[in-house]
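Down below is the structure, laid out as structure tokens.
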Amino acid sequence: RNECSIRKTHKKTNDSKKTAGVFGAGLRYGGLYTQSAHSVAAALATLLVSTTPFASADISEWRDHDFGLPGSNVKLGIETDGRGPPKSICLLPFPYEDVLLQGETKQLRLYEDRFVKLFKDVVDNHFGVVAMGLMAQSGVIQTVPLCEVEASNTMEGFGIFVTIRVVGRAQLMELSQQEPYIKGTCLEISDQLPPNLELPNVLADNIESCLLALSSMEHRLNEARNNNEIEDKEMERRIAIAQLEDRFYLEDDESEDDSSESSGEEDDDDEDDDDDEEEGANFVDRLGRYRSFYDVALSTDTQGYQISSRITDVERSPRELVATSWAAFCTELVPSEDATYRIQAMDADSLFERLKLASHMLREKKAQLRVKMQKAGIKFRGEDLDEDGPSSYYDE
């Protein structure tokens, strides 16, 4: 195993570079199934056992708890910048491509002894709060998503089935333990708000306009594919991956209906429910995914914001702008394809910078889609396909 140390890894956006700290650590993934890495196994596990709500998870109690850690920032070598005392945290290792952002969830099956012990520590000593240890080539990325255990169930012989949801972020200060599982010390990260919200609101308008245009362009491409005007095997593959989870959920619902019928229960709305399930399984466009994740990010935000009288009459509140800045990175059918952007978004503690990054990413997607449509000879009414070219994030 590598010695515990802080290193740097470079993340590049066009010709500009950003850095994020990385802790060197030799970690194993064995004993942990995730829905993204093993979607079939996780979905089948969901059919076998229904998880129960986890009432003990509360990040506010974790924030308020005194873990008795050294309070000397000089000794630890990192300034807290008024973020409160350091906190103890357990880390579940994940590939960095699996990064989750505010409000997103992941289903896990913990079956190896070290992860079962970690889960007990999380429940007994950390108020149901656990961090995702995102693994880069040289170690753990220093900024980590903070998650609450939303639901859990233990099934003898199969392990513990757990659902986690991201409710915040933290900066790792040190790794205090690597065996049998990883623990560390962290400082929670809060968004830095600009003194004036007019420009962030302009960026939010641009983001939503770009999402609307992308949805319309993708809808036109889907029409062309369905009408056999073009072949788009890559899009078909991505849609199949995205819909796999929905099909399993549909089967789960159907199995519950079958069990109700066998027990003698009758439901006059069975036929209507089946129709609703089929409609729910329909493909949701990019704008619809954005709106869904926006609502989730908004409802799970527990940061709290101080608003001055100068910015009370703007179109969006700080909380709404933060939700926009997260949801913009959650619209891809296969989120891991945006892993680099999502890591940079998680690492950004400036709301304005994260909105700029989201605007840049969406403009790049729009430019790529425009080129794809032009090569296929597809015309799109209402959209000037020559409007945008490749842009630089730092020029916006």
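The values are calculated or read from the model by the stated rules, or taken from the named source; none is laboratory data. Please read all numbers here as calculations on a predicted model, not as lab measurements. Neighbour counts are summed over all protein chains in view; Cβ atoms, including those assigned to glycine, are modelled from backbone coordinates with ideal geometry. These area figures cover heavy atoms from the full protein model, side chains too; ligands, DNA and RNA do not enter into them. Shrake-Rupley method; radii C 1.70, N 1.55, O 1.52, S 1.80 Å.
Filtered by the rule that a residue be touching a strand residue (DSSP E or B) at 6+ places or on another chain (Cβ under 6 Å) and surrounded by 20 or more Cβ atoms within 10 Å (Cβ to Cβ), segment 345-379 gives MET346, ASP347.
Apart from one condition, PHE94 fits all of (1) at pLDDT below 95; (2) crowded, with 22+ Cβ neighbours inside 10 Å; (3) within 22 Å of PHE158 (Cα to Cα); the exception is (1).
Taking first residues from segment 340-357 that are on the phi < 0 side of the Ramachandran plot and partners that are in a loop (DSSP other than H, G, I, E, B) and open to solvent by 40 Å² or more (accessible area, probe 1.4 Å), the Cβ contacts under 8 Å between residues at least 6 apart in sequence or on separate chains come to ASP349/SER190; LEU351/LEU193; LYS356/GLU396.
Hey, any hits in segment 213-230 for a residue that's within 18 Å of LYS375 (Cβ to Cβ), at pLDDT 60 or above and touching a Leu at 6+ places or on another chain (Cβ under 6 Å)? Checked segment 213-230: at least one residue is within 18 Å of LYS375 (Cβ to Cβ), at pLDDT 60 or above and touching a Leu at 6+ places or on another chain (Cβ under 6 Å).
Within segment 89-135, the set of residues being part of a loop (DSSP other than H, G, I, E, B) and more than 26 Å from PHE293 (Cβ to Cβ) comprises TYR111, GLU112, HIS126. Residues that are at pLDDT below 85 number at least 1 in the following helices (runs of 4 or more DSSP H) confined to segment 301-396: 351-376. The set of residues in segment 103-131 that are among the aliphatic types (A, V, I, L, M) and free of Cβ contacts under 8 Å to residues at least 40 places away in the same chain contains only VAL122. Total residues in segment 144-178 satisfying the condition of being of a type in the set (Val, Ile, Thr) and open to solvent by 10 Å² or more (accessible area, probe 1.4 Å): the figure is 4. Within segment 108-125, restricting attention to residues that are crowded, with 22+ Cβ neighbours inside 10 Å and in contact with a Cys (Cβ under 8 Å, 6 or more places away or on another chain), the residue that is nearest to PRO180 (Cα to Cα) is LEU118.
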